[in-house]
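Data first, discussion second: the structure below is written as structure tokens.
Values quoted throughout were computed directly from the atomic coordinates according to the rules given, and no laboratory measurement underlies them. None of these values were measured; they are calculated from a predicted model. For neighbour counting, all protein chains shown are included, and Cβ atoms are generated from backbone atoms with ideal geometry for every residue, glycine included.
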Amino acid sequence: MLGLKLPTDPRWVNIVEKNIEEILVDHAYCEQKAASTAISLIIGFPEKTELVQEMISLVKEEMSHFKLVHDHIVKRGWILGRERKDEYVLKLMKFFPKGGSRTTHLVHKLLYAALIEARSCERFRLLSENIKDKELAAFYRNLMVSEANHYTMFLKFARKYGENRQEVDEKWQSLLAYEAEIMTELGVESTMHG
């Protein structure tokens, strides 16, 4: 359903289980970054009314997810800690060339966002099905549905605003293939995407 070319190695869950604090802190910042992405789309493309409306809702939802993750951190006696670099996102963002038209820039941002949400959804599913901590398993099951909805929404907007549906779909497939290459190097860190 998600179109990912390379599934996460299920052993990643074992890394997470040994580093619950790390994964929760990283996850909290991922939720903040998702809200920031939505805000940047509002600022960058205010004339796209439907997009703006959806991004307003998304900001609220992502910040509510941030609060839920933060609550789990605090409940366990931990603190948020400092933001970590997201190597996955840094590598992913190198795929599309810089420049191009404003429309091209929008489509690329939307495709990146769709892919990040798809990978998050896949990781949440893995956690919900395999993590021994039953409270976190239920938590990630609930979040998985939201991430799937976000993925389809961003992909829908990329196809809507792109000037050529076939070209957008080709870019999406190329980005998926590139992301699979990135994933061969990741999956060994206690981060949401690493």
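Each residue, N19 and H105, gets one label point 7 Å from its Cα in the Cβ direction; the gap between the two is 3.5 nm.
What FRET efficiency comes out for E87 versus S36 if R0 is 22 angstrom and r is the Cβ-Cβ distance? Round to the nearest 0.05. Approximately 0.75, to the nearest 0.05.
Packing, as the average of other Cβ atoms within 10 Å across residues, places the peptides 31-41, 6-16 in the order 31-41, 6-16, highest first. A simple spin-label model places pseudo-atoms 7 Å from Cα toward Cβ; at R76 and A137 they are separated by 1.6 nm. Please work out the C-alpha center-to-center distance from region 21-65 to region 127-194 and express it in whole Å. What the calculation gives is 15 Å, centre to centre.
Of all the options F154, F124, F96, the one that moves most in a Gaussian network model of the chain with Cα springs shorter than 10 angstrom is F96. Can you bin region 132-193 into rounded, prolate or oblate? Criterion: square roots of the alpha carbon gyration tensor eigenvalues sorted a ≥ b ≥ c, rounded for a/c under 1.5, prolate for a/b above b/c, oblate for the rest. Here region 132-193 falls in the oblate category. Fully extending the segment from E185 to V145, taken as 0.36 nm per residue of separation minus the present Cα-Cα distance, adds 11.7 nm.
Here's the list of aspartates and glutamates a cross-link from K91 could span, going by alpha-carbon distance under 16 Å and ignoring same-chain residues fewer than 8 apart: E117, E179, E181, E185, E189.
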